Amino acid sequence: METENSKAPIPNRIIRLAELMALVGLTSRSAVNRAIREAEFPPPIRLTKRAVGWRLAEVMAWIDSRPHVR
């Protein structure tokens, strides 16, 4: 049984843009790029010449670092 303070480990996998936007609530590629440019968001990693992705663990850490509004 997990307690409230313990968290399951985040899988070490790469997510692509569509999954990233669904996770963080950004609605467009330009919003993602703006957040990266302003150093508010983890930068992508290059997968191939034309493809990038984000490390899920870094994205989840960024989400956890955001202030929570109730």
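Each value in this text was obtained by applying a stated rule to the coordinates, not by laboratory testing. All values reported here derive from a predicted model rather than from experimental measurement.
Output ³J(HN,Hα) for segment 22-29: one whole-Hz value per residue in order, computed from phi by the Karplus curve 6.51 cos²θ - 1.76 cosθ + 1.60 with θ = phi - 60°, and x for Gly and Pro.
With coefficients 6.51, -1.76 and 1.60, one gets 5, 5, 9, x, 7, 9, 8, 4 Hz.
Kirkwood hydrodynamic radius (Cα pairs, Å) of segment 13-70?
One decimal place: 11.8 Å for the Kirkwood radius.
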